[in-house]
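Coordinate-derived values only; no laboratory data. Since the structure is predicted, the reported quantities are computational estimates derived from the model, not experimental observations. Glycine also receives a Cβ, built like all others from the backbone with ideal geometry; neighbour counts cover every protein chain displayed.
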């Protein structure tokens, strides 16, 4: 697998989260570890690109 930029990974996370999803489904769709996903979700949430529905 080729190296992906942080921007590309963030873009794929946002695409897979469109319409709502779970963290587990995002991990499998984007091919990340759970630890990596947590880091990206924090950055996306702080920047206002992603929000959680509780």
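Residues that are free of Cβ contacts under 8 Å to residues at least 24 places away in the same chain and surrounded by 12 or more Cβ atoms within 10 Å (Cβ to Cβ) within region 40-54 comprise just one, 45. In the set (1) part of a loop (DSSP other than H, G, I, E, B); (2) surrounded by 10 or more Cβ atoms within 10 Å (Cβ to Cβ), residue 2 fails one condition alone, (2).
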